[in-house]
Amino acid sequence: MCAPADHGRPAGGWPPEAPRTAPDGTASARPGRVPRGVPQPRPTDHFAELLVAVLSGQRPVHAMLRHSAGQAYDELIRLAERGPLRTRGARPVVRDIGWFVPREGAIEAFARIGAGDRLRAMAFRLERGRDLRWRCTAVELGGPR
């Protein structure tokens, strides 16, 4: 996870293609899918929120079981036991996310996590499986500043 970050510049199809509209100006829909004009969260956003919820004690660590692969789940268990993002005051929130795409099907991301006047750094790697689902394969948490 030491590759240089590109600070969230579009790669691998991000941002999603521009919404298409029907002749009447409304967002067109495809059967069985989300309408094209509805923005969908990026995998980096979704996983950052999940990781913050687990590491702050808002969700149990087993909530990440189906969203992780390899040693990432073991690392999450170890991190969650210490409760690194638990606070007595403000609830931790994701303030900023950036990512780098080292190859097709892999994303290395970082997030700045804020709670009150405290700022922490979190890095994680996502890999897309054969089933096309993203899973967290590594996670690291930096200390307070």
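The values are calculated or read from the model by the stated rules, or taken from the named source; none is laboratory data. Just so it is clear, the structure is predicted and the values come from calculations on it, not from any experiment. When we count neighbours, we look across all protein chains shown, and the Cβ atoms used for this are built from the backbone with ideal geometry, even at glycine. Protein only, heavy atoms only, side chains kept; ligands, DNA and RNA dropped before computing areas. Shrake-Rupley method; radii C 1.70, N 1.55, O 1.52, S 1.80 Å.
With respect to being exposed (fewer than 13 other Cβ atoms within 10 Å of the Cβ) and under 17 Å from THR137 (Cα atoms), LEU65 fits the description.
From the list ALA123, ALA106, ALA111, the one residue that fits, being farther than 17 Å from VAL52 by Cβ, open to solvent by less than 40 Å² (accessible area, probe 1.4 Å) and within 13 Å of the chain's Cα centre (by Cα), is ALA106. Within the stretch 76-87, is even one residue at pLDDT 85 or above and part of a loop (DSSP other than H, G, I, E, B)? No, the stretch 76-87 contains no residue that is at pLDDT 85 or above and part of a loop (DSSP other than H, G, I, E, B). In the stretch 37-57, the residue that is modelled with the highest pLDDT out of those that are part of a loop (DSSP other than H, G, I, E, B) and out of contact with any Leu (no Cβ under 9 Å at 6 or more places or on another chain) is ARG42. Could you please find all residues in the stretch 38-56 being open to solvent by less than 10 Å² (accessible area, probe 1.4 Å) and touching a residue at least 60 places away in the same chain (Cβ under 8 Å)? Once the filter is applied, which keeps residues that are open to solvent by less than 10 Å² (accessible area, probe 1.4 Å) and touching a residue at least 60 places away in the same chain (Cβ under 8 Å), the stretch 38-56 yields THR44, PHE47, ALA48, LEU51, VAL52, LEU55.
Residues of the stretch 44-94 being over 23 Å from GLU108 (Cβ atoms) and of a type in the set (S, T, N, Q), which ones? Listed by number, the residues that qualify are GLN58, THR87. Among the residues of the stretch 126-136, the ones that are open to solvent by less than 40 Å² (accessible area, probe 1.4 Å) and either part of a strand (DSSP E or B) or of a type in the set (Lys, Arg) (or both) come to 2 in all.
Could we say that ALA63 is touching a Phe, Trp or Tyr at 6+ places or on another chain (Cβ under 9 Å), of a type in the set (Gly, Ala, Ser) and farther than 12 Å from ALA48 by Cα here? It is false that ALA63 is touching a Phe, Trp or Tyr at 6+ places or on another chain (Cβ under 9 Å), of a type in the set (Gly, Ala, Ser) and farther than 12 Å from ALA48 by Cα. One residue stands out among those in the stretch 68-103 that are within 15 Å of the chain's Cα centre (by Cα) and open to solvent by 50 Å² or more (accessible area, probe 1.4 Å): the one that is farthest from ALA53 (Cα to Cα), which is PHE100.
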